[in-house]
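Heads up: the structure comes next, in structure tokens.
The values are calculated or read from the model by the stated rules, or taken from the named source; none is laboratory data. What you see is a predicted model; the values in this text were computed from it and never measured. Virtual Cβ from ideal backbone geometry, glycine too; neighbours counted across all protein chains shown. The protein model used for the area step is the full one, side chains on, heavy atoms only, and it has no ligands, DNA or RNA in it. Shrake-Rupley method; radii C 1.70, N 1.55, O 1.52, S 1.80 Å.
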Amino acid sequence: QVQVVESGGGLVHPGGSLRLSCTVSDRLSRFYYSGWHRQSPGNQRTLVATAGTGGFTNYANSVKGRFTISRDNAKNTVYLEMNSLQPEDTALYYCFVRSATEEYWGQGTQVTVSS
């Protein structure tokens, strides 16, 4: 069973920054697709950003220009750099990785943006 563990969440003031990390217990390179979703209380889980092995990335409109996703296969880690954070970014952030036949999710890391 592949383990996916997120870290880096916390409390930050509006306008602040955080970097989330998602470490995978297997070779990240065998998962062609990876990304982040988020879910706030009372809302559905929504896509934040995705990244593929070919270097392509995709972002939700609400985070474009503020968030950056990246993959480091050598460290088996997916990152989400978040800048200019706003209260509406407050949510539980989940990481996932996907291969042709498998998909794994982490337990989430909480991000709270508040003054």
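When you go through Leu85, Leu47 one by one, which is the residue that is surrounded by 13 or more Cβ atoms within 10 Å (Cβ to Cβ), touching a residue at least 60 places away in the same chain (Cβ under 8 Å) and at negative phi?
Being surrounded by 13 or more Cβ atoms within 10 Å (Cβ to Cβ), touching a residue at least 60 places away in the same chain (Cβ under 8 Å) and at negative phi holds for just one of Leu85, Leu47, which is Leu85.
Could you tell me whether any residue of the stretch 92-112 is among the hydroxyl-bearing types (Ser, Thr, Tyr), in contact with a strand residue (DSSP E or B) (Cβ under 8 Å, 6 or more places away or on another chain) and open to solvent by 70 Å² or more (accessible area, probe 1.4 Å)?
Looking for residues that are among the hydroxyl-bearing types (Ser, Thr, Tyr), in contact with a strand residue (DSSP E or B) (Cβ under 8 Å, 6 or more places away or on another chain) and open to solvent by 70 Å² or more (accessible area, probe 1.4 Å), one finds none in the stretch 92-112, hence no.
At negative phi, modelled with pLDDT under 95 and not β-branched (Val, Ile, Thr), is that true of Phe56?
Yes, satisfied.
Do you know which residues across the stretch 94-115 are within 20 Å of Tyr33 (Cβ to Cβ), in contact (Cβ under 8 Å) with a residue 24 or more places away in the chain and not in a strand (DSSP E or B)?
Across the stretch 94-115, the qualifying residues are Ser99, Ala100, Glu102, Gly106, Gln107, Gly108.
Here is a list of conditions, (1) β-branched (Val, Ile, Thr); (2) under 20 Å from His13 (Cα atoms); (3) more than 11 Å from the chain's Cα centre (by Cα), and Thr68 meets all of them except one; can you say which number that is?
Going through (1) β-branched (Val, Ile, Thr); (2) under 20 Å from His13 (Cα atoms); (3) more than 11 Å from the chain's Cα centre (by Cα) one by one, Thr68 breaks only (3).
Is it true that Leu11 is open to solvent by 30 Å² or more (accessible area, probe 1.4 Å), at pLDDT 95 or above and of a type in the set (A, V, I, L, M)? Spell out the reasoning first.
Numbers: open to solvent by 30 Å² or more (accessible area, probe 1.4 Å): yes; at pLDDT 95 or above: yes; of a type in the set (A, V, I, L, M): yes.
Criteria met by Leu11.
I'd like to check something: does the stretch 51-58 contain any residue that is in contact with a strand residue (DSSP E or B) (Cβ under 9 Å, 6 or more places away or on another chain), under 19 Å from Gln3 (Cβ atoms) and open to solvent by less than 60 Å² (accessible area, probe 1.4 Å)?
No - not one qualifying residue is present in the stretch 51-58.
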